[in-house]
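One structure is given below, encoded as C-alpha cells.
The values are calculated or read from the model by the stated rules, or taken from the named source; none is laboratory data. Note that this is a predicted model, so its numbers are computed, not measured. Reconstructed Cβ throughout: ideal geometry from the backbone, glycine too, with neighbour counts over all protein chains shown.
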Amino acid sequence: MLVDFELIERAQKGDNVAFNEIVLAYRKRILGTITRLIARPEDVEDVAQEVFLRLYFSLDQLRTAMVFEPWLHRLTVNAAYDYLRKQRRRQEYRMSDLSEQQVMMADASASGKAEHEEQHQKKIRESVDSLLGAVSEADRILLMLKEVEGLSLKELEKIYKVNENALKVRLFRARQRVLKAFGSSEKRKDP
Amino acid sequence: MEPMRGNDEARQSPSQRLDALFRAYRDACPDPEASANFMPNLWQRIEARQTYMFSLRRMANAFVTAALALSLGLGVYMSIPRSTTYSSESYIEALAEANPLETPEILGPVHLEISDPGR
C-alpha cells in the first residue's frame with residue numbers, strides 16, 4: 001500500500017485533501033499501467049484522470065480500506081477497457097472511410113517509419129502491441145496485468161471477482177494465441 | 001558475446017522467449033511522470049461532474065415537488081362537494097317519465113297491413 005488506511009477513510013468521508021494525497025501517491029503507478037495497457041501515450045493522462053474521477057465518485061462504495069488497491073486496479077482495467085473499445089470503433093470508422101489504395105499507402109508509410117526507427121525499445125513496444133492484437137481487448141488487459149504488471153492470480157481474482165481456475169483457463173488460452181502469433185512473427189523474421 | 005547470446009536465445013523455448021519479450025516490454029515502458037496540468041484538469045473534471053449531478057438532482061427534486069403538488073391539487077379538487085344538476089331518480093323512473101303510458105306510439109295496437117299483390 002502506498003498510503004495508509006486512515007487517509008483512505010478520510011477521503012471516503014469527503015476529505016478532498018486526503019483524496020488529493022491518494023491521487024499524488026498512485027498517479028505514477030496508474031499512468032504506467034495505463035501506458036502499457038492502451039499503448040497510446042497521447043491518451044494516457046486522459047484515461048488516468050477518468051480512473052481517479054471514477055474513484056472519487058465511488059469511494060463511498062468501498063467496504064473497507066483494505067481492498068483499496070484491487071478496487072483501484074479494477075477501475076483502471078475498466079477505464080482502459082472502455083477506452084480500447086471506443087478506440088476500436090473509431091478505427092473501424094476511419095478505415096471504412098478510406099479507399100483500398102489509401103489503406104495500402106497508409107500501411108506502407110507506417111512500415112517505412114518503422115524501418116527508420118532506431119530505438120530498440122520502440123521496436124519491442126511495437127512487436128508486443130502487434131502480438132497482443134491477436135487477442136481481444138479483455139484478454140489483452142488480463143495478459144498485461146499478469147505478464148507485464150506482474151500481478152498474482154490471487155490479486156487478479158480480487159480484481160475480476162472470478163475464481164482462480166476460470167482465470168487460469170482464460171490466461172492459458174490467451175497466452176496460447178499470443179504464442180501462436182509470436183511463432184508466426186519469428187518465422188517471418190527468419191524464413 | 002553477441003553470438004553467444006543469440007545461441008542462448010535460440011536454445012530457449014518460444015514460451016521463454018515470449019516471457020523475455022514481456023519483461024523487455026515492461027522495461028521499455030517505464031511509468032511516466034504526470035504533466036503539470038494533471039491535477040488541475042482532474043479537479044476541473046470532478047467539479048464539472050459534481051455540477052452536472054447537482055443540477056440533475058435539482059431537476060429531479062423539482063419534478064417530484066411538481067408531481068406532489070399536482071396530486072395534492074387534484075385530491076383537493078376531487079374532494080370539494082359540488083351541487084349536482086342531475087336528479088336523484090333511478091333510470092327506470094327517468095325512462096317512465098320520458099315515455100308516459102298514454103303515449104299512443106308505444107301503447108297503441110300494432111296495425112298490420114296485409115296486402116295481396118296477386119289479387
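Six or more apart or on different chains, Cβ atoms under 6 Å: show the pairs whose first residue is in the stretch A:65-77 and aromatic (Phe, Trp, Tyr) and whose second is assigned to a helix (DSSP H, G or I).
A:Phe68/A:Ile8
Yes/no matrix, rows are residues, columns are (1) away from chain B (no Cβ under 12 Å); (2) modelled with pLDDT of 95 or more; (3) not in a helix (DSSP H, G or I):
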{"position": "A:Val23", "(1), (2), (3)": "no, yes, no"}
{"position": "A:Arg36", "(1), (2), (3)": "no, no, no"}
{"position": "A:Tyr83", "(1), (2), (3)": "yes, no, no"}
{"position": "A:Gln87", "(1), (2), (3)": "yes, no, no"}
{"position": "A:Arg94", "(1), (2), (3)": "yes, no, no"}
{"position": "A:Val103", "(1), (2), (3)": "yes, no, no"}
{"position": "A:Asp107", "(1), (2), (3)": "yes, no, no"}
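Which residues, taken from the stretch A:39-67, are away from chain B (no Cβ under 11 Å) and either within 19 Å of A:Phe5 (Cα to Cα) or surrounded by 18 or more Cβ atoms within 10 Å (Cβ to Cβ) (or both)?
Once the filter is applied, which keeps residues that are away from chain B (no Cβ under 11 Å) and either within 19 Å of A:Phe5 (Cα to Cα) or surrounded by 18 or more Cβ atoms within 10 Å (Cβ to Cβ) (or both), the stretch A:39-67 yields A:Val47, A:Ser58, A:Leu59, A:Asp60, A:Gln61, A:Leu62, A:Arg63, A:Thr64, A:Ala65, A:Met66, A:Val67.
Sort out which residues of the stretch A:11-27 are surrounded by fewer than 17 Cβ atoms within 10 Å (Cβ to Cβ), of a type outside the set (Asp, Glu) and free of Cβ contacts under 8 Å to residues at least 12 places away in the same chain, and write them in order of number.
A:Lys13, A:Gly14, A:Asn16, A:Val17, A:Asn20, A:Leu24
Given the criteria outside any helix (DSSP H, G or I), at pLDDT below 95 and of a type in the set (Asp, Glu), does B:Glu9 qualify?
For B:Glu9, the condition - outside any helix (DSSP H, G or I), at pLDDT below 95 and of a type in the set (Asp, Glu) - is not met.
Can you pull out the residues in the stretch A:48-87 that are among the charged types (D, E, K, R) and closer than 26 Å to A:Ser136 by Cβ?
If the condition is that a residue be among the charged types (D, E, K, R) and closer than 26 Å to A:Ser136 by Cβ, then A:Glu50, A:Arg54, A:Glu69, A:Arg74, A:Asp82, A:Arg85, A:Lys86 are the ones that fit.
May I ask you to list pairs of residues, at least six apart or on different chains, whose Cβ atoms are under 9 Å apart, with the first in the stretch B:13-38 being at the interface with another protein chain (Cβ under 7 Å from one of its Cβ atoms) and part of a helix (DSSP H, G or I) and the second being surrounded by fewer than 12 Cβ atoms within 10 Å (Cβ to Cβ) and small (Gly, Ala, Ser)?
Final answer for the pair search is B:Arg26/A:Gly150.
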